[in-house]
Every structure is written in structure tokens, then in C-alpha cells.
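Report on the following structure.
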Amino acid sequence: MGLEMIEADESHILIANLIEHEAIDMKKIVERMGSLVKNNVKDVYHAVQTGDYSRIGNMAVKDSEINRIYWLTHRQYNMYQKNLTSLTKDGPSMLKFTGCLFLSRVLEGIGDHVVSVSKFILGIKGGGSPIKLDPFVAELGERIIANLDLSIKSWINLDIELAHQAIKEADELVIDAERSMVGNLKSSERSSLNAVLELFTIVVAEYCKYISEFSFSASME
């Protein structure tokens, strides 16, 4: 199958030459996908708050790597479906594999929304200056990034306590973002960006709940 990046963070990159599909640790692949999505969400808020739009100018290109990993999980799933004997005690369980497939689909959906929000920001930005952002909306951004991270960890570790916490925090994010939108809807000083990012918070929080609820259920098996 060729070279594949298995892990990557600020300090190292791990690349493996994958010959057989059994050699792929799908949890690590999907965990890396989660890191890419989380970093792209961070880049959206960094661009707005600093006026440095370089990180989101090529968001569609960065999203193509997320899409590639998504299709890789589908390819792996199809291979295992054709050879169910691979799903043994020595290989990945059906729960683990379908979970990775589900998680990759959710992350791919978040990635698509990040691309859309980035295009909107690039369309309204003015001269490389920071766009006026409500402090509360900026706080929502920090909270949604943390919730996304917590949700992914709850699945990777099948941790019921983390899943429960992530669900609770996602519910709170949705409520807070909705109240903020409604309370400021008639304000002439509010920028359209604030409303878009509030809606973005709600959408991503609901995606995070999908992950955490699946993790909660899977951890009880």
C-alpha cells in the first residue's frame, strides 16, 4: 500500500511502509485525523483574532488530507468486509473498526464545515486586520476546541467518564451559543462573523456529542 503517515505532532512524524491492510492501526490513523481537524479549527480562530489569514488561505488543501484519511478508513473497512477472518482476537474487533469508520465520518464532516467558515472569513476580511470578535464568541472557540479534543480522547480510550463529561460540556456549549445568538440578534454593532462562529460552535458541538455518545455506548460493551 506504500508509505503512510501514522502519527504526527509538533515534535515528531512517524511514517510506515504499509504492505498489508492488517498492518494499519486504524485507531492511530483516526487519532491523527482528529489532530488535523482540531488544528484546522484552531487556525480559524487564530486568523480572526490576529489578522493572520495565511493559515486558512489553503484550508481546502489541508482538508484534502483529512478526506484522504477518511477514504483510507473506508478502503480498510471494505477489505475487512471481504475477509472477515481478519477480525479475530489477534486483529481489530468489529466494534473498534466500525467505531473508527464512524469517527472518521464525523471528523470529515467537521472538516467540511471548517472549510466553509474559512471561505466566509476570507470573503469578509479587510486588509489583513483582525475582525472584531465578541469576547464571549472567542471563549466559545476555546471551549469547542477543548470539547473536540475530549470527545476524541473518550473514543480512543473508550473512557465512559470522559465521554460523560464531553456530552455534558457539548450540551452546555449549544445552550450558551444559542443564547448568545438570540440575545444579540438585533444588535446593529454585531458582525455577521460572530453569528457565523456561534452557529459553527453549535454544529461542531453536536458532532462532538455524536462521538462522545458512541464512546459512552462502546465503553459499556
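Each value in this text was obtained by applying a stated rule to the coordinates, not by laboratory testing. Predicted model, so just to flag it, every value in this text is computed and none were measured. FYI the Cβ positions are ideal-geometry reconstructions off the backbone, even for glycines, and counts take in every protein chain you see.
Exceedance of the 18 Å cut-off in Cα-Cα distance is limited, within the set Lys42/Lys119; Lys27/Lys62; Lys38/Lys209, to Lys27/Lys62.
Applying 0.36 nm per residue to the separation of Ala138 and Gln49 and subtracting their alpha-carbon distance, the gain on full extension is 31.2 nm. Remark: segment 195-206, residue by residue, has Karplus-estimated 3J(HN,Hα) of 5, 5, 6, 5, 5, 4, 4, 4, 4, 5, 4, 5 Hz, where x stands for each Gly or Pro and the curve is 6.51 cos²θ - 1.76 cosθ + 1.60 at θ = phi - 60°.
Eigen-decomposition of the gyration tensor built on the alpha-carbon atoms of segment 136-206 gives equivalent ellipsoid semi-axes of 27, 10, 7 angstrom, largest listed first.
Once the Cα-Cα distance is subtracted from the 0.36 nm per residue extended length, the Met79 to Glu65 segment shows a gain of 2.9 nm. Within 12 Å, Cβ to Cβ, of Ala205, how many net charges do the neighbouring residues add up to if Lys/Arg are +1 and Asp/Glu are -1? Computed value for this residue: -4. With the Kirkwood sum run over all distinct C-alpha pairs, segment 106-178 has a hydrodynamic radius of 14.1 Å. When the pairs Lys96/Lys125; Lys28/Lys125; Lys132/Lys168 are compared against a 32 Å limit on Cα-Cα distance, Lys96/Lys125; Lys28/Lys125 fall above it.
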